[in-house]
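Readers should treat all values here as calculations from the given coordinates under stated rules, not as data from a laboratory. All figures in this text were calculated on a predicted structure; none of them were measured in a lab. Using ideal geometry, Cβ is built from the backbone for each residue, glycine included, and neighbour counts are taken over all protein chains shown.
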Amino acid sequence: MVEISEREEELPDVEIGKLLEIAVEHPEIISLGPGEPDFPAAKEIVEHTKKIAGKVNHYSPPGGRIEFKKEIVKKLKKENKIDVTESQIVVTCGSQEALLLATACTLDVSEQILLPNPGYMGFLPTFELFNANPKFIELKEETGYSINPDDVKKQINKKKTKVLLINSPANPTGNVLSRNILEELADIAIENDLYIFSDEAYEKIIYDDTKHISIASLNGMSQYAVTFHTFSKTAAMCGYRLGYVAAPHKLADAIKNTHIYSTVCAPTISQLLGIKALQMGNKYVNKMVKEYDRRRRMLIPKLNDLGITTPMPKGAFYGFGNITAFEKNSKKFCLNMIKKAKVAAVPGIDFGPAGEGHVRFSFATDYKLIEKALDRIEGFLHKYK
Ligand SMILES: Cc1ncc(COP(=O)(O)O)c(C=O)c1O
């Protein structure tokens, strides 16, 4: 039998996939696992999909359709204070594809990328696929999982480090980086000649008086910041596979060229719907955020009452709870919780070694189901003690 590549063999076995499969096969299980909105796409998007379905059978240019990029440039200027031209945008199949392409275009074998730990599970394997050398910046629970710029400085190897990745609002911790921290990170990038990959997938899912700031908007960042956006979370359009990256000219050109050899272009239908979504403004996302907030205010205090210490997330739709009062091994805890409480959630170890001892509870699930899941978790934890 012909062997598959070592590169693929070495990709991690992510628990979330298996757990969510179990949850789908057993409808009695309540899943607090989802990494995507539980809302449908907006009515206007669904209607527009039907309207344009007959006119979208052609490829688009690899960088994206010009009328879409024009809308993106307007949006970035107005909402993110990022000043770029259309030629600096590459439209991709979700931000995951953009991250893959940007990795291919910046990191040669064994060059370093610094990334937060715990962090989104899509990051590490992407860098490993390209034989880059990812290095973790450990985030601490005591600081609400913010990045400590001194920890970043300590990890930099002047010859090898090329990229620092940040993700704010963050999956899985819900942390949102402050302007002060972003300014310090920007200074580090300039001093050390590093790209900053800024994954802003949850940019509009923020609570209370939290502000989302794009690092690309800070002084001096135009040659260093690479910003990743997506329609998956903020427009509830995960299945449309639509995202984009805004990068300095040379890197944007390289990403565009590489795109031809991955998917050629993002689906034409999705790009036309992206225009519609941008023109619709923020009404729909604000409605979703209002409901996420209601769930957040119920779920997080209750988890804390139950002994799962969980900081109040400032953004995204996840609570990242410390389960060590009950169990150190997050995979074991989640498997037990599925079996005994019929509740699925994602083991912290899936987000990197610093995620061990934690579980990610998603509130992209119906309010009443979350309440029911919490009752079940309460019974389950009583027996754990
Ligand atoms: C932090 C983060 N970045 C990127 C992605 C990928 O999103 P997409 O490829 O759908 O745009 C996700 C998905 O869960 C995510 O949580």
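A few comments on the model shown:
- Across Lys77/Lys204; Lys154/Lys331; Lys18/Lys75; Lys50/Lys250; Lys43/Lys339; Lys290/Lys368, pairs whose alpha-carbon gap is larger than 26 Å: Lys154/Lys331; Lys18/Lys75; Lys50/Lys250; Lys43/Lys339
- Tail weight of P(r) past 23 Å, computed on alpha-carbon pairs of region 43-280, percent: 46 percent
- Taking the average, over residues, of other Cβ atoms within 10 Å as the packing measure, peptides 29-36, 364-371 rank 29-36, 364-371 from highest down.
- Pair Thr143, Lys283: separation of 7 Å Cα→Cβ label points (nm): 4.2 nm
- Given their separation in residues at 0.36 nm each and the Cα-Cα distance between them, Ser110 and Lys211 gain 32.8 nm when the chain is fully extended.
- Taking Lys and Arg as +1 and Asp and Glu as -1, the other residues whose beta-carbon sits under 10 Å from that of Glu291 total +2.
- Remark: Asp187, Asp209 ranked as Asp209, Asp187, counting other beta-carbon atoms within 10 Å and listing the fewest first.
- Overall form of region 253-385 per C-alpha gyration tensor (a/c, 1.5; a/b vs b/c): prolate
- Environment charge at Ala42 (Cβ cut-off 10 Å; Lys +1, Arg +1, Asp -1, Glu -1): +2
- GNM result for the chain, Cα springs below 10 Å: residue of Phe317, Phe333, Phe361 fluctuating most strongly: Phe333
- To the nearest ten degrees, helix 43-52 and the longest principal axis of the Cα atoms of the chain are 40 degrees apart.
- Just checking the listed ones, Tyr244, Tyr318, Tyr261: in the Gaussian network model of the chain with Cα springs under 10 Å, the one fluctuating most is Tyr261.
- Between helix 268-280 and the chain: long-axis angle, C-alpha atoms, 0 to 90°, nearest 10: 80 degrees
- For the chain, the residue among Leu335, Gln279, Ser262 whose Cα projects farthest onto the positive side of the dipole built from Cβ charges is Gln279.
- Residues Lys283, Lys135 arranged by fewest to most Cβ contacts within 10 Å: Lys283, Lys135
- Sequence-distant residues sharing a close amide H with Thr161 (under 5 Å, placed H): Gln112
- Relative to the dominant Cα principal axis of the chain, helix 367-384 is inclined by about 50°.
- Order of Ser222, Ser110 - criterion: other Cβ atoms within 10 Å of each residue's Cβ, fewest first: Ser110, Ser222
- For region 174-270: Kirkwood Rh in Å [reciprocal of mean 1/r, alpha carbons]: 14.9 Å
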